1. For ALA211, indicate whether it is touching an Asp or Glu at 6+ places or on another chain (Cβ under 8 Å), surrounded by fewer than 16 Cβ atoms within 10 Å (Cβ to Cβ), at pLDDT below 90 and over 14 Å from PRO27 (Cβ atoms).
2. Out of the residues in the range 326-370 meeting the condition of being modelled with pLDDT of 55 or more and hydroxyl-bearing (Ser, Thr, Tyr), tell me which one is nearest to the chain's Cα centre (by Cα).
3. Just the residues that are surrounded by fewer than 19 Cβ atoms within 10 Å (Cβ to Cβ), of a type in the set (D, E, K, R) and over 20 Å from ARG348 (Cβ atoms), please, taken from the range 484-539.
4. Answer yes or no: is there a residue in the range 280-294 that is at pLDDT below 50 and either more than 23 Å from ALA104 (Cα to Cα) or assigned to a loop (DSSP other than H, G, I, E, B) (or both).
5. Of the numbered conditions (1) on the phi > 0 side of the Ramachandran plot; (2) at pLDDT 80 or above; (3) in contact with a strand residue (DSSP E or B) (Cβ under 8 Å, 6 or more places away or on another chain), PRO78 satisfies every one except a single condition; which is it?
6. Being within 26 Å of THR188 (Cα to Cα) and in a loop (DSSP other than H, G, I, E, B) narrows it down to one residue among ASP114, ASP79; which is it?
7. Could you list, in sequence order, the residues of the range 85-132 that are free of Cβ contacts under 8 Å to residues at least 12 places away in the same chain and small (Gly, Ala, Ser)?
8. Given the options ARG87, ARG72, name the one that is farther than 21 Å from ARG200 by Cα, of a type outside the set (Phe, Trp, Tyr) and outside any loop (DSSP other than H, G, I, E, B).
Amino acid sequence: MERAYAVLDLKRAAAESRTFSGIASTPTPDRSGDIFEPLGATFTNPIPLLLHHDRERPVGLATLTATRDGIRFSATIPDVPNAGALRDRVKEACDLIDAGLLRAVSVGYRILGDGVKYLQAGGRHLLRTEICELSLVTVPANAATTIQAIKSFDALHVAASGRTPPGVSGRPKIGTTMGKQTTAEAITGWENKRAALAARMSELMTKANEAGTTLDADAATEHDDLEVQVKDIDAHLTRLRLEEKRNANAAQPIIPAHGNGNGNIPRILSIKANVPAGTSFVRTACAILTCNGNKREAAEYAKRWDDSTPEVGLYLKAAVAPGTTTDPAWAGALVNQGIANDFLELLRPATILGKIQNLREVPFNTKVPMQTAGGTYGWVGESKPKPVTKLAFSSDSLGIAKAAGIIVLTEELVRLSNPSAEALCRRDMVAGIAQFLDQQFIDPAVAAVAGVNPASITNGAPTAAATTNPLADIMALINHFVTNNIPVDGLTFIMSAANALGLSFRTNLDGSSQFPGIGINGGEYKGLKFITSQAAGQLVIGLQPDLILYADDGGVSIDASREASLQMDSAPASPADATTVMVSLWQTNNVGLRAERFINWKRVNANAVKYLTATAWPAPTGTADAPEGLTRNGKH
C-alpha cells in the first residue's frame, strides 16, 4: 500500500463528537512529483482513521468526498468513556492535533490495474486508485495546501456549541497553486500539472469518440475549463523559462579571492547537512528495512529526513522513476554513489587502509607487470667485449575478494524511534568492518585462501624482536629496506596508539621531544609516516606502500531481509548440516542487514614489509635513547 499526503486543515471541532474536516488530497503535484487524480479514486465510506498508519490502532472514522479539485474529508474521533488503552490512544491523537504537532493527513491507497502513468518531467500520474485508510501523520508532502490554524481541539478547550473555534478559518482554496519553489521546481510542477490536465481532456474526448457522440453539457464545461487552464499554464511556463534563462545569464562564477592579507587563497566552501558522517547510508538502509524492501514506500518514509538528508529520498525514488533526473541512468547514479561514499568516507579514515598513502591501486583481475631483476653492468676496457645483459619481469593480479557481515536488529531499533538508535547502527557498522579489515591486513597469522581471502601483508614477511630502544628499532627497520634496495622515501610505520604515545613522551637530554610530530594518532617524523591502529597490538610494522597492490571497488553494498533464516553464529557452518540451528527473522520480528565490501591486497615484493614483535617501548626515564653502539654521552 502506498501513501499520499496533505496538510491538515482543521475545519470544525465539536466537543461531543470531536469532529474535524479538511483536505485529504489535491491533484497538484506533490514534492515527489506525483499527481493523485481525485476523480479516479474509489473508496467505501466510512474508512478507518489511523494514527501514523498503524493499522492495528485506529483512532476514529473518516468520510471522503471526491471532486475535480481534490478529496475532502470529515473525520470523527470518538469520546471513549472507559479508561484503558483505547481512551489513552484517542486522547493522544487529540492532544497531538491540539498542540499542532500533527499537521498532516495521509491517504493509504493501492493502484488499480494499469492506473498509473509515468510523466516525462518525473513522478507519476495516479489515474485509478483505491483509498483504504486515512491517517494522521507528521510529514506533509503536498505543497498545494496550507495549514489554516489549529487553536483548540480537545473537549476541554472547545465550546460545546460545535462552532468553529476562534482563529480557525474556512477551508483553503484548492486551485492551481504550487507553493514556494525555485524556478526549476516550478517549471517541473507546472509541466506535471499540464500533463495531468491534458490527459483528462484526452480521456473526455476518447469517451465521446467511443460512444460516437459529442460531449454532454457537463463534460463540455469541464473540457473547456481544462483547456483554459492549459492555456494559462502554457503562458506561465513561457514566462518561467524566460526567467530561468535570465537567471542563468545573470549567474556569476565563484572566483577565489586573492590577496586576503596573508597571500593565501581561501577555499570555496560547500554547505552540507549538520549530521554525522554515515547518516545517509544508515537512514537508507533503515528506510528499506522498515518498508519491507518496497523502494516506493521507503522513499515516502524517508521524507521525514528531507530537512537534513534529502539525498536518501532521492536515491530511493531513483529506483522507480523512469526517464527523469532521478533515473539511475542519469543523476540517480550520482546520488547512489554519494550515499555509498558517505559510508566509505567514514570507513576509510577509520581503517589502516584509509590512512596509508600511495598504495598501488589496481583493478580487480588485471595483470600488473613487475620487474623482478635488473641487468648486469660493469667496466669495459678498450677494445674489450661488452657484457650482454637481460632484465627479468613477471606479472601479478588481484582477484575479487569481499569482506561481509550480517547485523541482526530488532524491528523497534530499525524504526529509529530516537537518534541514539541511528547512531548505534552507524557506530556498529563502521567499527565492525574497520576492525575486521585492520586485523586481516596486518595479522601475520592470516594466510591466503584461494578464492576467499588474501594473505596479510605481514604473512611470511621478515621479522625481528623489538628492544627497549625505539630509535634503534626504527633504524633497524629502515636499514632492512636500504639493504634490500627498496626506496625509503614514503616508508610507513604501523603501530598501536600506546606505542605511538610512548614515542611522543620521549625527550632528549635538553628536554626537547625526541620524536616531534608523533602523537597518539600517529603523525610524521623525519619524512616518515606513522599511523596507529589497535589491531597492531605489540607489532610495529614497516612497509613500502608502493610495493603493495591494492584493489577496491569503491562501494559498500547493502541488502536487507525480514524473511531469511540465519545461523546466529560469527562462524557459520558451511555447508549447513543436520546440527545447524537456523533462526527465522520473520518469526522473531527481527531484520537482517548485510553489508559487503569488495577489496583485495597483495605484497608483491618479499622484502616490502618487515615487522617487530613484542614491542612495548617503556616510558622515558629522563634520558634519551641512543642508537645502538653509542653511549648516553654520545661517545663510543
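The values are calculated or read from the model by the stated rules, or taken from the named source; none is laboratory data. Note that the structure is a prediction, hence the values are computed from the model and not measured. Every residue, glycine as well, gets a Cβ built from its backbone with ideal geometry; the counts of neighbours run over all protein chains shown.
1. On the way: touching an Asp or Glu at 6+ places or on another chain (Cβ under 8 Å): no; surrounded by fewer than 16 Cβ atoms within 10 Å (Cβ to Cβ): yes; at pLDDT below 90: yes; over 14 Å from PRO27 (Cβ atoms): yes.
It is false that ALA211 is touching an Asp or Glu at 6+ places or on another chain (Cβ under 8 Å), surrounded by fewer than 16 Cβ atoms within 10 Å (Cβ to Cβ), at pLDDT below 90 and over 14 Å from PRO27 (Cβ atoms).
2. Going through the qualifying residues, I end up with THR351.
3. If the condition is that a residue be surrounded by fewer than 19 Cβ atoms within 10 Å (Cβ to Cβ), of a type in the set (D, E, K, R) and over 20 Å from ARG348 (Cβ atoms), then ASP489, ASP510, LYS526 are the ones that fit.
4. Looking for residues that are at pLDDT below 50 and either more than 23 Å from ALA104 (Cα to Cα) or assigned to a loop (DSSP other than H, G, I, E, B) (or both), one finds none in the range 280-294, hence no.
5. (1)
6. Numbers: ASP79 fails: within 26 Å of THR188 (Cα to Cα).
The unique qualifying residue is ASP114.
7. Within the range 85-132, ALA85, ALA99 meet the criteria.
8. Testing whether each residue is farther than 21 Å from ARG200 by Cα, of a type outside the set (Phe, Trp, Tyr) and outside any loop (DSSP other than H, G, I, E, B) leaves just ARG87.
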